[in-house]
Every structure is written in C-alpha cells, then in structure tokens.
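Below is one structure, written out as structure tokens; comments come after it.
The values are calculated or read from the model by the stated rules, or taken from the named source; none is laboratory data. Just so it is clear, the model here is predicted, and its values are computed rather than measured. When we count neighbours, we look across all protein chains shown, and the Cβ atoms used for this are built from the backbone with ideal geometry, even at glycine.
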Amino acid sequence: MALLELQNITAGYDKNVILKDLDFQVEKGELVSLLGSSGCGKTTTLRLIAGFSSPMSGKFIFNGKDYTKVPLDKRNFGFVFQSYALFPHMTVFDNVAFGLKMRKLPKEQIKKEVMDMLETVDLLGFENRFPKEGGSGQGPGDQAGPASSGRASQQSGRQAADQDAC
Ligand SMILES: Nc1ncnc2c1ncn2[C@@H]1O[C@H](COP(=O)(O)OP(=O)(O)O)[C@@H](O)[C@H]1O
Ligand SMILES: [Mg+2]
C-alpha cells in the first residue's frame, strides 16, 4: 500500500479548474519532485497535501487514512514556502526550533533536534546568527513537510517537496 496517495483529484480556485483527475502514489522512503512549467499546478498540489485548500473532488489518502477533510492543524504536515518564511527577529536556532517549541517538546530534546538538523544542512556554527546575516545560498527553497523541524519530518516519514515542498 502506498504511503501517500492522491486519487482522482480535481481542484482549483473558485470555478477555475487547475488540476483535473490527478492521480499519484508515493511509497514510503520515496523522495518525489513535481516538475512542470510555471503555473501548471505544482504549488496547488502541495497546498492540497498540506491542507491549505480542499479539492473539488477526489481523495487524499495518507497511511491508509482519508485526510481529504482533515483540517490543516490536525494533519501534522508542514509547508516551507518558496519565498523564505523565516522570522527575521529570531536566530537560526530559534527559527528551526520554532515548530518544536510550539509542540512543547522538552528543552533538551529541542536543542538536540535543532543541532542535528543544522548539522544535516551544514549550518552548524550559524545557530546564533539572524537570517539576514546568512551568506548566499543559506536559505531554504520552497518546501512543505511535517510541521516541525526537518529532523522531526524525517522521523515521521512525511515529506513533500516542490520548489514549494510538502
Ligand atoms: N490563490 C489563487 N487564486 C487564483 N488562482 C490561483 C491562485 N494560486 C494559483 N492560481 C493559479 O493556478 C494555476 C496554478 O498555479 P500554481 O499551482 O501556483 O503553479 P506552479 O506552482 O506549478 O507554478 C496558475 O494558473 C495560477 O495563476
Ligand atoms: Mg509554485
């Protein structure tokens, strides 16, 4: 059984249909990129997965459960937008820690997960800098995934990515 499945999704904005009968499956452990010309519906697809919008018809199944009508805050998916969604007044550490703090994880666990994540993306040593102090190329592209740090995302096994990623 696929981990994530879009079944006959038709979706768009108002009455304007952007996705028509979209079907795809993602197996556990697969890393999937949506490629296509600008305006073809990549972000629209990721927004559906994360729960920012609902399809006109079709189903979104995750781990065997029908998530089509599950609200965003109950999905435990996150979304990293194409334009940086960093808090400019917070350090790199606090930006990465934000989702974990919202989940009220223990302080020590937050510290460990944040430092593990910064190591993974080669940003150890930058944790006390602010976003505007980063060098070139030290920002995220668009990504949507589980609503937490990247480390927690990996642990939960949920990750969808576009130049926005889910
Ligand atoms: N909020 C919106 N309201 C109305 N139309 C939108 C909205 N967002 C995107 N669209 C339209 O939906 C289509 C698909 O957009 P999008 O999913 O952002 O494409 P992509 O990410 O593949 O570049 C485009 O024609 C775009 O103009
Ligand atoms: Mg897009």
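If the condition is being surrounded by 11 or more Cβ atoms within 10 Å (Cβ to Cβ), without any contact (Cβ under 8 Å) to a residue 12 or more places away in the chain and within 16 Å of ligand 1 (Cβ to nearest atom), then the range 37-81 contributes only 40. Consider residue 32 carefully, then state whether it is more than 16 Å from ligand 2 (Cβ to nearest atom) and in the same structural domain as residue 61 (by TED's automatic domain parsing). When the stated conditions are applied, residue 32 does not pass them. Within the set 94, 66, 122, 116, the sole residue that is of a type outside the set (Lys, Arg), at pLDDT 80 or above and closer than 28 Å to residue 53 by Cβ turns out to be 66. Residues that are farther than 13 Å from residue 44 by Cα and either assigned to a strand (DSSP E or B) or within 23 Å of the chain's Cα centre (by Cα) (or both) within the range 7-21 comprise 7, 8, 21, listed in sequence order.
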